[in-house]
1. Could you tell me whether THR48 is surrounded by 14 or more Cβ atoms within 10 Å (Cβ to Cβ), modelled with pLDDT of 95 or more and of a type in the set (Ser, Thr, Tyr)?
2. Can you tell me which residue within region 20-65, out of those that are part of a loop (DSSP other than H, G, I, E, B) and closer than 16 Å to THR127 by Cβ, is nearest to the chain's Cα centre (by Cα)?
3. With SER68, SER82 as the choices, which residue is within 14 Å of PHE124 (Cβ to Cβ) and either surrounded by fewer than 18 Cβ atoms within 10 Å (Cβ to Cβ) or among the charged types (D, E, K, R) (or both)?
4. Starting from region 104-128, keep only residues that are farther than 17 Å from PHE80 by Cβ and of a type outside the set (Gly, Ala, Ser), then list their pairs with residues that are at pLDDT below 75 and assigned to a helix (DSSP H, G or I) whose Cβ atoms are within a distance under 8 Å, requiring at least 6 positions of separation or different chains.
5. Every residue in region 1-16 that is without any contact (Cβ under 8 Å) to a residue 40 or more places away in the chain and not in a loop (DSSP other than H, G, I, E, B), please.
6. From ILE94, ILE105, grab the single residue that is part of a helix (DSSP H, G or I) and either at positive phi or at pLDDT below 75 (or both).
Amino acid sequence: MESTELARLRQAAGKHTTRLTHFGRNTGKAHEVTIWFVLAGDRLYIGTANVKRQWVQNVQKTPKVKLSIGGENFTGTARFLSDRSEHEHAMAAIRRKYWIFRPIIEFGRMLSALGLMRDNTGSFEVTLAG
């Protein structure tokens, strides 16, 4: 049987963004950022085009996060996907959901493949509490 949290998440999964609350790696202070997310099966992924962003570094150090999606609130633990195949799986799911931006994303991937731009993408899998 599916958890109540996952059922609520499925209902909100069609929304475009989540409001992610993360905590400062030095101060512990709560910060918010609006980002893309995708629910692929029963896995929740968030991604970034730049792993050097402050929120990414904060979540890597303090993986407890809060998400607000379409009026639904969730808490969870984020795991940075350092395994390349896991990361590519997450990013493929993100590209499918945000297909309208695919030409821009693919252009960046092409520049990275040609060595003209560094691939700074990263992704997390978020496991919901409860």
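1. Criteria not met by THR48.
2. PRO63
3. SER82 is the lone residue from the list that is within 14 Å of PHE124 (Cβ to Cβ) and either surrounded by fewer than 18 Cβ atoms within 10 Å (Cβ to Cβ) or among the charged types (D, E, K, R) (or both).
4. MET117/GLY108; MET117/LEU111; ARG118/SER112
5. ALA7, ARG10
6. Step by step, each of ILE94, ILE105 is checked, and only ILE105 is part of a helix (DSSP H, G or I) and either at positive phi or at pLDDT below 75 (or both).
Residues are listed down the side, and each one gets a yes or a no for (1) in contact with a strand residue (DSSP E or B) (Cβ under 6 Å, 6 or more places away or on another chain); (2) closer than 26 Å to GLU106 by Cα:
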position	(1), (2)
SER3	no, no
THR18	yes, yes
GLY28	no, no
THR48	yes, yes
ARG79	yes, yes
ALA92	no, yes
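The values are calculated or read from the model by the stated rules, or taken from the named source; none is laboratory data. All values derive from a computational prediction rather than experimental measurement. For neighbour counting, all protein chains shown are included, and Cβ atoms are generated from backbone atoms with ideal geometry for every residue, glycine included.
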